[in-house]
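Inspection log for the structure reproduced underneath, given as structure tokens.
The values are calculated or read from the model by the stated rules, or taken from the named source; none is laboratory data. The shown structure was predicted, so the numbers you read here are calculated from the model rather than taken from an experiment. Here Cβ is always computed from backbone atoms with ideal geometry, including for glycine, and neighbour counts include all displayed protein chains.
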Amino acid sequence: MNQQRRTEEHGSHTLYTPAERRRRDASRWTLVQGVLAPVQFVVFLVSLGLVLRYLGTGTGLGAATLSVVAKTLVLYTIMVTGSIWEKEVFGRWLFARPFFWEDVFSMLVLALHTAYLASLLTGWLEPRQQMYLALAAYATYLINAAQFLLKLRAARLERTGAMAGELVLGK
């Protein structure tokens, strides 16, 4: 659907057209994203604790390393499944209009996590430096997660507003 038609039908600030909302609600990938997002956050919290423990005490490098690798793998999984979700809902693998800036920032998140894996595999950085790189990746992840939470909140508010409008109009 082109932007002009979207604007004429639903205003320029809607996240979903009615057809996109139906596709979103019908997609199994919506549930997958809803499960993976909190899983990723829990993995992040555990890993953050292990990374900070290593940086603070110098112990637990193996556990911290494994946790960052696990966090990165979960990130890759949520990005791939999120791309499939965007394709089903919006007809684009990435950078659909409602999630454009979240996807742009996700690329930075992916780049930093991938740089961590590259440094781990090549020995490019010392372990402490690798953990600082992991922390940089985690900081971008937190910003990106906040972007998506704000978008989710906006979608819920939009849906609540639409439902209220339907009640008022008797639809």
Number of the condition not met by Arg28 [criteria: (1) charged (D, E, K, R); (2) closer than 16 Å to Ala155 by Cα; (3) loosely packed, with under 12 Cβ neighbours inside 10 Å]: (2)
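The rows are residues; the columns are (1) touching a Phe, Trp or Tyr at 6+ places or on another chain (Cβ under 9 Å); (2) modelled with pLDDT under 95; (3) closer than 23 Å to Ala118 by Cα.
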residue	(1), (2), (3)
Thr7	no, yes, no
Gly11	no, yes, no
Pro18	no, yes, no
Val32	yes, no, no
Val46	no, no, yes
Leu50	no, no, yes
Met79	no, no, yes
Gly91	no, yes, no
Phe100	no, yes, no
Residues that are in a helix (DSSP H, G or I) and surrounded by 12 or more Cβ atoms within 10 Å (Cβ to Cβ), drawn from segment 13-25: Glu20, Arg21, Arg22, Arg23, Arg24
All positions within segment 39-65 that are hydrophobic (A, V, I, L, M, F, W, C), crowded, with 19+ Cβ neighbours inside 10 Å and under 14 Å from Ala136 (Cα atoms): Phe44, Leu48, Val51
Those residues of segment 98-131 which are surrounded by fewer than 17 Cβ atoms within 10 Å (Cβ to Cβ), on the phi < 0 side of the Ramachandran plot and free of Cβ contacts under 8 Å to residues at least 24 places away in the same chain, in sequence order: Phe100, Val104, Met107, Ala111, Ala118, Leu121, Thr122, Trp124, Leu125, Glu126, Gln129
Lone unmet requirement of (1) over 18 Å from Gly60 (Cα atoms); (2) within 21 Å of the chain's Cα centre (by Cα) for Ser119: (2)
When residues of segment 86-108 are limited to those that are small (Gly, Ala, Ser) and in a loop (DSSP other than H, G, I, E, B), the one farthest from Glu158 (Cα to Cα): Gly91
Sole residue being assigned to a helix (DSSP H, G or I), modelled with pLDDT of 95 or more and farther than 20 Å from Thr114 by Cβ, chosen from Leu66, Leu55: Leu55
